[in-house]
1. With charges set only on the Cβ (+1 for Lys and Arg, -1 for Asp and Glu), what does the dipole of the range C:71-150 come to about its Cα centre, in debye to the nearest 20?
2. May I ask you to derive the FRET efficiency for B:Leu24 and B:Arg254 from their Cβ-Cβ distance with R0 = 30 Å, giving the value to the nearest 0.05?
3. With the cut-off at 31 Å, tell me which of the pairs B:Lys170/B:Lys245; A:Lys214/C:Lys27; A:Lys78/B:Lys102; C:Lys2/C:Lys49 have Cα atoms farther apart than that.
4. Could you check the simple spin-label distance between C:His139 and C:Leu97, using points 7 Å along Cα→Cβ, in nm with one decimal?
5. Given a 1.4 Å probe, show me the residues in the range A:214-228 buried by at least 40 Å² of accessible surface when comparing the whole protein assembly to the chain alone.
6. With both partners inside chain B, how many of the DSSP beta bridges are antiparallel, as a percent to the nearest 5?
7. Under 5 Å between amide hydrogens, which residues at least 5 positions from B:Leu91 or on another chain qualify, with H placed 1.01 Å from N in the peptide plane?
8. Summing both sides, how much accessible area is buried between A and C? Use a 1.4 Å probe and give Å² to the nearest 100.
Amino acid sequence: MQIKDFMKQITEASGVSGYEGGVRELVRTELAAYSDEVRTDTLGSLIALKRGQRPDDVPQRSIMLAGHMDEIGLLVTKLEKGYLRFSTVGGFDLRVLLGQEVIVHGRRDFPGVIGTRPPHVLGPEDRDQVVPLDRLFIDVGLTEVELGKNIRVGDIVSLRREFTELAGGLVAGKAFDDRAAVACIDQCLQYLAGLRHTWDVYAVATVQEETGLKGALTSAFGIDPDIGVAIDVGHGNMLGVSEVDTVNVGGGPAIGFGPNIHPALYEQLTATASRYEISHQIDPIPGASGTDAWAMQVVREGIPTALISIPLRYMHTTVETISLKDIERIGRLLALFIAGLTEESAEQLGLAQQSSAT
Amino acid sequence: MLLKELSEAVGVSGHEGAVREVILHAIKARVDEHHVDALGNLIALKKGYGGQRRKVMIAAHMDEVGLMIVRIEKEGSLRFRPVGGIDERVLLAKKVLIGDKKVPGVIGSKPVHLLEPRQRQQVIRVEDMSIDIGASNQEDAANLVKVGDYASFDVAYRVLGGELQAVTGKAFDDRAGCAVLVELLKNTYPFDLYAVFTVEEEVGLRGAKVAAYSVAPDVGFALEGTICDDMPKQKDASPTTVVGKGPAITIMDRSIIADKRLVDLLVTAAEEKRIPYQFKQPGIGGTDAGAMHLSREGVPSVVVAVPARYIHSPVCLLSLKDLRNTVGLMNQALARLDAVDLSR
Amino acid sequence: MKELIAELTETWGPSGNEDAVRKVIEKSITGHADEVRVDALGNLIVLKKGNVKKGVDKRRIMLAAHMDEIGVIVSHVDEKGFLRFSAIGGVFPPTLLGSRVQFGDGKIGVIGRERVVKPDEAPRMDKMFIDVGSPDKGHVGRRVGDAACFTRPFVDLGQRLVAKAFDDRIGCAVLVQTLLGLKTTPHDVYFVFTTQEEVGVRGATTSAFGVEPEIAVAVDVTLTGDTPEAPTMAVALGAGPAIKVKDRGMLAHVGVKNWMVSTAERLKLPYQFEVLDAGSTDGMAIQTSRAGVATGVLSIPTRYVHSPSEMVDYDDVRHSVELLLGMLSSPVSL
């Protein structure tokens, strides 16, 4: 699929952490077209394997690409007088919730809105306060009796936003964190169809990243790859945020550097980007990256890990904004990098020697 | 359903043309005369039958709250100010459409990851927000939008269903009133009915003021989509109105003390015909009736409203049952209006 | 079952000191297990082997309840023989005022506080001390590093029970009772009594790696929202076992959650859903063990958790056992 069509499809789908089933099927269909086999692991991560073509005397090596397909969301905590009280799944700024449209996944999907008491009846002291969670309600327009029959405590709620094209090749919508990475991985597989590579590629759409990097941790354990590359979103340049904290939207892949990243892998990625004239930026990360890379790096005996960030504005809102060009570039960079992986690259990364017998 | 078309049309105060087109198309065949006045009010006359005919003005406003672009920053993002009363807390992370070309944009907000805990507790002022249309500099942005362009929320009309027959969409204040008024024009009455679709209610009841002056009615009704406050609250307080409990009749708000005889007319009609109704909690909000009843030497006036949750925010919710009951109640009341003695 | 509950809750076992609790459990399950072992962190791992049944997939199932309880640990013995202390696990300072604590040798100390400055406010833990009644430092008989926990007798109020350490001895009791009641099962069921949950789900981390289950259910307590001015939470005492949807540390596996729900509905047992905005359980550690474990949590609604007087409803406890028995005696498909 074209990047834009695939992005529209997967970002308008629901897939709150722990409940990724809906989006997973869309991703499965797409990745299956460019890989040799696809499976789902215990926690629900989708793992597509594209085998390398290697002569018999070359040992089997593998790379894992991880982008998480879960999104932040809400869940119902109480039914009260025809309204739903709720809690959050993943990190929200409560201030962006008011006036949002949602889908409550009850006995069926119920469209609804998030509201609070009207400002007309509030005093100025109330209007000067951020509306706290206990004064926000989800309203699906049902009566108390209907609500009781159709919605239960624990039902998941996803935010709703149609995919929107802005000017300058930018697009906006929800769940770009981190479905945009799934689109990058898809692009990578599409490019790889036209390239020769000897390493096996595990393209993984992970789950439950927003609630603790869980899918990456367990899928990496199961796959046991030689190297791992996480693709996640990074804060894009925007008004009111220091340039120190951001990378440029439209500036190309932001290649992470720091304790979470294997220095040789960083070198190999930037060298590939430079060789093929892919515009890219350096993203210094002094500590925990808060991404799947953080989990992958310490799986089993340790995995050389890299992180590529997609510049994204307004993270964890329903108007996350990115450049489609950045997705294309990351897909291309990953494919060219993979096509260039050899036993020499493994040596540079200090990977244990393997015999060619598998 | 006309409400869908009305809700999805864009008509921020001062720029109601698109809404007017939708309404004009719907009522053209139902009225005897219509014209658009200097401010943009659509004034339609449906002649009555009988001899000494009263002039009855029914007003519903076409405009909605929205935004106006006030500056294009050199980075290409747009600064804006609210048009009409908007609680700035509803603005973050919303999609808007700007100008007649409907250029899409989003109101961004600093990611939660980069906020100090204290900052998360601060309401962001509209002066500190901006709209991102994807332009990378001032020049790119200026090719798409200009200072002074209006912007409105981009929200689709949706049917939620259920016993309340709930629907959501933007601008139910007062497209709900417009929808009711369009329905009322299906009938003829023993009086001359001036259906007035007003402008600029949200910035100070300005359209109704001049329209009432030119129509010079004997009786005035304002039809509204009004505030609803029926959700669970910390303290036990009356709801302003409740969705599903029928049309809300105003006794007093911030702009008018309704004419007692008209209130009685509505209540009697409702009770005789078993149409559910409620009184709007006094002292909250204001409507076109506030301007109408003070026109010239004064006009006996009253307000009937469809309760709508979350008005002045991007998405409102109302019950189609309430909407139909409002039409029903008005029909019943208008049929009995001639019998009401309005002399002093 | 109440005798077992009483004995378990009155037994001493702050995190890292679970030996006495483990002995009580070992004794109570004698003759009912196919294998019993204790791992390096002190987890008690009890296997009930499944009977091969035609057409039924044998699953490797781990049930976990933690043996440890919160407590305090001596950090300093002062010149006059008073003991300063810090917390083992999530101790809420106001619950300490007026409390008595017990050390491993059975000796008792009372909690005192420094001069009262603000009578309306509970002092911080560093403004409190333990007084073991020693006339001077020489006779204290305690050392830095000695652990202690609340001491309070079990009370049977009939329908409701009160004790210290229902978190998570009630889970242990439910597991023991389930094992005793489980005549046959098509699955290999590991009843794991874990250690050090209160200080970071440590026992569950290692035992899950060792047991390597396909499916896991942690049995632990959860909070309720049914007391005056409680935070919003739709869990009530007596309304049935609570099936966890989410807590601070995990989202329950949808398949395991549905397995509990369908079993409860089949057996016509009451149940409720739990969304907990604070805390987590052993389930969080088991879920991410190795390549991932399908993990759910069965919670027993408990009032006043982490206080010396926790309260549960006896029907909730019995229904939890029945629910687990129902789950374990049938085929599982997630």
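1. 20
2. Working: r = 31 Å, r/R0 = 1.04.
It comes to 0.45.
3. In this structure, A:Lys214/C:Lys27; A:Lys78/B:Lys102 exceed 31 Å between Cα atoms.
4. Roughly 3.0 nm, to one decimal.
5. Those residues are A:Lys214, A:Thr218, A:Phe221.
6. Numbers: 39 of 62 bridges.
Bridges in chain B are about 65 percent antiparallel.
7. none
8. On the way: alone 15800 and 14370 Å², together 28210 Å².
Chains A and C together bury approximately 2000 Å².
The values are calculated or read from the model by the stated rules, or taken from the named source; none is laboratory data. Remember, predicted model here, so these are calculated numbers, not experimental data. FYI the Cβ positions are ideal-geometry reconstructions off the backbone, even for glycines, and counts take in every protein chain you see. For accessibility, only protein heavy atoms count, side chains too; no ligands or nucleic acids. Shrake-Rupley method; radii C 1.70, N 1.55, O 1.52, S 1.80 Å.
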